[in-house]
Structure formats: C-alpha cells, structure tokens
Amino acid sequence: MATKNTIILAAGKGTRMKSKLYKVLHRLCGKTMVDHVLSAVEGAHMDNIVTVVGFGADAVRDNLADRTQYVVQEKQLGTGHAVLQAEQLLGHLDGMTMVVSGDTPLLTTKTFENLFTYHQNKKAKVTILTSKAPDPTGYGRIVRNDLGIVEKIVEQKDATKEEQAIDEINTGVYVFDNRALFEALHKINNHNAQGEYYLTDVIEILKSEGQTIAAYKMADFDESMGVNDRIALARATKIMRCRINRRHMSAGISMIDPERTYIDADVKIGPDTIIEPGVQLKGNTVIGEDCYIGANSEIRDSIIHDHVRITSSLIEHSEMLDHSDIGPNSHLRPEAFIGKHVHLGNFVEIKKASIGEGTKIGHLTYVGNAKLGRNINVGCGVIFVNYDGAHKHETTVGDDSFIGSNSNLIAPLEVSDHSFIAAGSTINRQVNQYDMAIARSRQTNKPGYFKKLPYQKD
Ligand code: UD1
Ligand code: CA
C-alpha cells in the first residue's frame, strides 16, 4: 500500500537563538514553532508523522503529545543523519515521505498539498520546495543546469562565489519516494565545510543515479522563512499575526488597527465583533458575535458569548454570557462565571465565583469564592472576605438581594434571597429572607463641638 508520511526535524539546539529554550519550542502567536509545523502537516492528512527529537526531547514530547511518533537523534550529526533515525519506523513502507524542519512555522497545509500534487504529476523521486529569496544568505542554493534542471543543493558554507549569487533557495521541505530516500541516505558522507551529514546531498546522489528530480517553486518567500534567531522570530511573528488578523477581518470582524491587534492562532471570534488597538486574545479564547473588546484588554483561555462589552480589562480562564459587560480596569481571575446581562463596572475583581443573571457590581469590589444569584445589587467597595489566613471559604448570596456599599461579607456565609445589608456593615452571620442586616457602630452627634476645635475660627 502506498503511504503518505512526514518527518519533522526538531533535534537541533538552535544555538543562534541564544536561549535556554530549544529552538523549535519558541512561540509565535501562542503556539510553539514545531506545533505550527505539525498543525499544517496534520491538515494534509498523513498516514504517519514522525518527529526527530534530540535536544529538549522531553519538552518537545510534552508539547506535541501523541499527535506524532518520535525517534531520538542522540547526536546532532546533520539533517541527513536526523532523517535516517526514522528508518526503523518508516524504512519498510512504500509511498511518499515529506521532510520538513521544525523551524519553518509559516508553511501552510495548502503549500504541502500543492507540493505532493506536483511531485506526483512529475513522477519524481524527489521534489524540493524552493523559493526566490530577496536575501539568500544562509540558505542552501538550488543549482540548475543550462536546461534549468536541478543538479544539486549547495549549502551556504560550501558554495562558490557563483553559487552564492543564486537566489533560488532550498526551503528545507521535500517530498521523496520513501524507499529511494532511505537507500540514498546510506550513501551520504560528511565531507563538507560543517562536517555534517547533509540531507541535501541526497539530491545529487539520486541525480547521479539518473532519477527524476523536481523543484516546486512557491510564490511567497515569507511563508518558507526559517527561524534561526530572535530577529527572524519577531519577523515571522509579525507575518503570522498579519495572516491571522486578515483571516478574522475577512470573516466579518472589525479591527480598528490590525497592526496593533494581537490574536493567537487558535482563537475564535464571531462576526460583527469590534476590536480596538492593543487588545491581546490568547490561548483557546472564544469570542462571540457583536462583542466590543476595548483598547488594551487582555483575554486568556476564556469564553465570551455574544453582545458582550469589555472595556480595558484582564480576563483569565473565565466565561461571560450574552449581554454582560465589564470595565474599565477590571479583572476576572480564573473560574469567574458571569451570567447574562450582568454589569461589572470599574475596578472589580472576581475570582472563582459565579454571578447570576442581571446582577450589578458597579465599582471597587472584590468577589472571591462566592455564588451570587440573580438581580442582586452590590454597592461600591464591597469585599467578600474569603480568606482567614489558612483557608478559603464560600459565600452565597440569594436572588434580588441588596448589598450596601462598603460592606464586608465574612465567609463562610449565607445571605438568603430578598435580603438587605445596610451600607458599612461587617456581616459574619447568616442573613435570612426579607431581613435587613445592619452591623456598624451607631452615629453620635456632639452639638457645637466644631467650635471647640483649637484650629477652628468662629
Ligand atoms: C537547512 C538546509 C538548507 C535550507 C534551510 C532552510 C541542510 C543541510 N540544509 O539549513 O539547505 O536552506 O534548512 O531553512 O539540510 N536538525 C536536526 N538534527 C541535526 C541537524 C538539524 O534535527 O543534526 C533539525 C533542526 O532542529 C532544524 C532543522 O533540522 O529544525 C534544520 O536544521 P538547521 O540547522 O536549522 O539547518 P539550516 O542551516 O537552516
Ligand atoms: Ca534552519
């Protein structure tokens, strides 16, 4: 049976990144480089995906989990040696094998599909994905003969002056006839400037055996960009961000300034949502339709339903239902669940709490470890006192209650529905239905005392 396979090369350390983190684990738009590559590969439907790991093997495994098989390259002796490590898993198969580097995060499923189709149409033993680089420095060059037929790939460090002038580069992606690949890999050596076993030498070997070599030249150089240092990482990030933002705008989302809108790769947004500058939408965030996300808001791994208004606020691992609103300058910490038509105003912090439909918390309030019912009014400066220095405790507040301004609700505490807490109260005992609770010292007036103050005039 003819199989379709991919080998992802991810064993290198990435010295040029100058980082403690292995190269392919650096992130752009919320996902590691190698995860971007794997996602694009998955889209092209493979029978087998094998990732070659070495430096940081465990961290790469943690990152990609069981979406791919793994082989370990103990010593980084070059890209050819890396591919050879996959022989035990793939060597016996008929079919096609694509090789791609873990450091080319902008390549798309579409390009991979085009490459496979081109390879099959050309009936080639290998098809190289090439592109025309504005500055080819550092890349392997595609050497063609007078008839335009590919002869070999020459690495930067091994290239003659004439070869260095070639601007068609090897993107590091190839589709091979699987058996021809592994047979040729046994014939490469490391007699070159870097003393490495180059995968690129397989081309010359197949050529000398009279096999058909094809090259599929892609139009968009940016997409083939290899990320070897932080400068390239920032450039690739910008290109990816631009791509993500265009996709959302084409789907009906408005961005006031797409250059300054930061949306991770897997975020979903509904149409007619408006996003202001400086907004960051991260991780697995989902935003509904007709929302307004105001300037400099940050939303991480949260679910925002339709018609929600968020003004300059930070939202983490939380959920906001339809027609709720928050901000400016409020903070939903993990596990805040905000019901429909809830109003959260400015300087409100909510943690591990659910807020029922129609409840209003307008100003300067902390709610932690609590369950609030519907249509409650929480005044200004209310504190849910949830921590005794050792443990967190729960507070529940029933529907239609009124919590006066500057109250402290000391947990564990139950405030029933339809109850009223007078402003300035510190409450630590249950409040029953229809009760008013007032817990503050009484006011005393001293007539004429003003005039006794030493610094006061008549
Ligand atoms: C490689 C190509 C070059 C091409 C460029 C495209 C070779 C010899 N050169 O060069 O023609 O233009 O990619 O970006 O193939 N790796 C391993 N094990 C190793 C060495 C590398 O797994 O022993 C992995 C790296 O982690 C990386 C990938 O292979 O993901 C490419 O290696 P890198 O050192 O970045 O190759 P380039 O010098 O960029
Ligand atoms: Ca590279």
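The values are calculated or read from the model by the stated rules, or taken from the named source; none is laboratory data. Treat the numbers as computed from the prediction; the structure is a model and nothing was measured. Here the Cβ positions follow ideal geometry from the backbone for every residue, glycine too, while neighbour counts run over all protein chains shown. These area figures cover heavy atoms from the full protein model, side chains too; ligands, DNA and RNA do not enter into them. Shrake-Rupley method; radii C 1.70, N 1.55, O 1.52, S 1.80 Å.
Between exposed trypsin sites (Lys or Arg not before Pro) in the chain, where DSSP calls loop and at most 11 other Cβ atoms lie within 10 Å, what's the longest gap?
It works out to 124-428.
Sum up the charges of everything whose Cβ sits under 12 Å from the Cβ of Thr396, counting Lys and Arg as +1 and Asp and Glu as -1, but leave Thr396 out.
Once positives and negatives cancel, what remains is -3.
Using unit Cβ charges (K, R positive; D, E negative) and no other charged atoms, how large, in debye to the nearest 20, is the dipole of region 153-267 about its Cα centre?
On the way: 14 positive and 20 negative charges, 100 e Å.
Computed about the Cα centre, the dipole is about 480 debye.
Once you charge only the Cβ atoms, +1 for Lys and Arg and -1 for Asp and Glu, what is the size of the charge dipole of the chain about its Cα centre, to the nearest 20 debye? Write down the numbers at each step before the final one.
On the way: 52 positive and 56 negative charges, 304 e Å.
Magnitude of the dipole: close to 1460 debye.
Taking the chain, how much of its Cα-Cα pair set, in percent, is spaced more than 30 angstrom apart?
The proportion of pairs with Cα distances above 30 Å equals 58 percent.
Mean shadow of region 3-224, computed from the convex hull of its alpha carbons, in nm²?
11.7 nm²
With a 1.4 Å probe and every protein chain kept in, tell me what percent of the accessible surface of region 252-437 is carbon plus sulfur.
48 percent
What does the charge count near Thr51 come to, summing +1 for each Lys or Arg and -1 for each Asp or Glu among other residues with Cβ under 10 Å from its Cβ?
Working: positive: Arg61, Arg67; negative: none.
Every neighbour counted, the sum reads +2.
Just to verify a number: what accessible area does Phe450 come out at with the full protein assembly present, 1.4 Å probe, Å² rounded to tens?
The value for Phe450 is about 120 Å².
Under the rule of -39500 (n - 2.57) per DSSP H run of 4 or more residues, summed and divided by the residues of the chain, what mean residue ellipticity at 222 nm is obtained, to the nearest 500 deg cm²/dmol?
Taken over the chain, the calculation gives -5000 deg cm²/dmol.
Between region 356-432 and region 207-270, how far is it from one alpha carbon centroid to the other, in angstrom?
About 49 Å separates the Cα centre of region 356-432 from the one of region 207-270.
Carbon and sulfur atoms: what percent of the 1.4 Å accessible area of region 3-224 do they account for?
46 percent
Amide H neighbours of Ala215 under 5 Å, at least 5 residues apart or on other chains, H built in the peptide plane: list them.
Ile128
Take the alpha-carbon centre of region 142-162, take the same for region 324-348, and report the distance between them in whole Å.
61 Å
For a 24 Å ceiling on Cα separation, which of these pairs sit above it: Lys157/Lys187; Lys23/Lys217; Lys4/Lys125; Lys75/Lys110; Lys161/Lys238?
Lys23/Lys217; Lys75/Lys110; Lys161/Lys238
Compute the signed sum of charges (Lys and Arg +1, Asp and Glu -1) over the other residues within less than 12 Å, Cβ to Cβ, of Asp306.
-2
Cα to Cα, under 26 Å, and not fewer than 8 places away if on the same chain: which lysines meet these conditions relative to Lys446?
Once the sequence-local lysines are set aside, what remains near Lys446 is Lys457.
Any idea of the accessible area per residue across the chain, 1.4 Å probe, to the nearest Å²?
48 Å²
Straight-line reach from Lys352: which lysines have Cα under 29 Å away, leaving out those fewer than 8 places along the same chain?
Lys31, Lys268, Lys282, Lys340, Lys360, Lys371, Lys392
Kindly work out what percent of the DSSP beta bridges joining two residues of region 332-458 are antiparallel, to the nearest 5.
5 percent
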